[in-house]
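Chemist: So that we are looking at the same thing, I have put the structure below in structure tokens.
The values are calculated or read from the model by the stated rules, or taken from the named source; none is laboratory data. Note that this is a predicted model, so its numbers are computed, not measured. FYI the Cβ positions are ideal-geometry reconstructions off the backbone, even for glycines, and counts take in every protein chain you see. For the accessible areas, the whole protein counts, side chains as well, though only heavy atoms, and no ligand, DNA or RNA atoms are used. Shrake-Rupley method; radii C 1.70, N 1.55, O 1.52, S 1.80 Å.
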Amino acid sequence: MMTERRLTPLDRLLARADNALRTLTPGTIQAERAPTATPDSPGGEAQPGNLPTDQRRHVMGLMRINHTGEVCAQALYQGQASTASLPHIRHAMEEAAKEEEDHLAWCEERIRELGGAPSKLNPLFYAMSYAMGATAGLIGDRWSLGFVSETENQVVKHLESHLFQVPESDLRTRAILEQMRSDELKHAVTAKDAGGADLPPPIRHAMTLMSKVMTFATYRV
């Protein structure tokens, strides 16, 4: 009977570096799930549509924000996994990061369809988010899970705001955002049910402020 290979610290370091390179290199990550619409991405059967120039640019900016948000999610989960004390918590973080890869691929694909490119600031936000995730993991697994839950809840609010702004005729974008919202809500509930602690208001406010900075910057750059 084959036994699972135990990863060394070097193995884990190389895996983290590989994730960072794949996350930050456009076109590297491909969606693995087969959503209802098509095997490629949610809303695949919905035509991209001929949006007016101003609407196309706005939707492109929103999707760039969401793409950077997924870059940050990868970094957060990897950072938390690197410092989690309990093996099952570390495994849960790694699995969540894997599921988030679909979102990363869907957002990048939609940005390309709209004639744009991911934010040039992604490496900076990846590094910042990794540091935040690692710090949360060092503080303790309950707080790390609470950080995941709060992060995902804030992401859900962002997605709902974007759905309100996307034209009804843009079925492609709306389908992607709706699927992402469903997945993120599931991650928030799972983290909370696993024992995530409620974060103090100052930390929640700091997370909201950082999110606003990221949103403002990546919409434009």
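Chemist: About its Cα centre, what dipole magnitude does the stretch 58-188 give when the only charges are +1 on Lys and Arg Cβ and -1 on Asp and Glu Cβ, stated in debye to the nearest 20? Numbers along the way, then the final one.
Modeler: Working: 12 positive and 19 negative charges, 63 e Å.
Roughly 300 debye, rounded to the nearest 20.
Chemist: I need the phi-derived Karplus couplings for the stretch 63-72: 6.51 cos²θ - 1.76 cosθ + 1.60, θ = phi - 60°, integer Hz, Gly and Pro marked x.
Modeler: With the stated coefficients, the stretch 63-72 comes to 5, 5, 4, 5, 5, 5, x, 6, 4, 5 Hz.
Chemist: Estimate the FRET efficiency between Thr28 and His91 by the formula 1/(1 + (r/R0)^6), using the beta-carbon distance for r and 22 Å for R0, to the nearest 0.05. Don't skip to the answer; put the middle values down first.
Modeler: On the way: r = 23 Å, r/R0 = 1.06.
Calculated transfer efficiency: 0.40.
Chemist: Just the number, please: carbon plus sulfur as a percent of the accessible area of the stretch 125-221, 1.4 Å probe, no ligands or DNA/RNA counted. Numbers along the way, then the final one.
Modeler: Numbers: 3210 of 4910 Å².
Whole-percent figure for carbon plus sulfur exposure: 65.
Chemist: May I ask you to compute the full-extension gain from Glu160 to Glu99, defined as 0.36 nm times their residue separation minus their alpha-carbon distance, rounded to one decimal in nm?
Modeler: On the way: separation 61, 0.36 × 61 = 21.96 nm, distance 1.99 nm.
So the chain would gain 20.0 nm between Glu160 and Glu99.
Chemist: Next question, about the same structure. So for the stretch 108-221, if I pair up every lysine 8 or more residues apart or on another chain, how many of those pairs have alpha-carbons under 20 Å apart? Provide the component values of the computation, followed by the final result.
Modeler: Numbers: Lys120/Lys212; Lys157/Lys186; Lys157/Lys192; Lys157/Lys212.
Lysine pairs satisfying the spacing and distance rule in the stretch 108-221 number 4.
Chemist: Please report, largest first and rounded to whole Å, the three semi-axes of the ellipsoid equivalent to the stretch 123-193, where each semi-axis is the square root of five times an eigenvalue of the C-alpha gyration tensor. All intermediate terms of the calculation are to be shown ahead of the outcome.
Modeler: Working: eigenvalues 155, 44, 13 Å².
So the three semi-axes of the stretch 123-193 are 28, 15, 8 Å.
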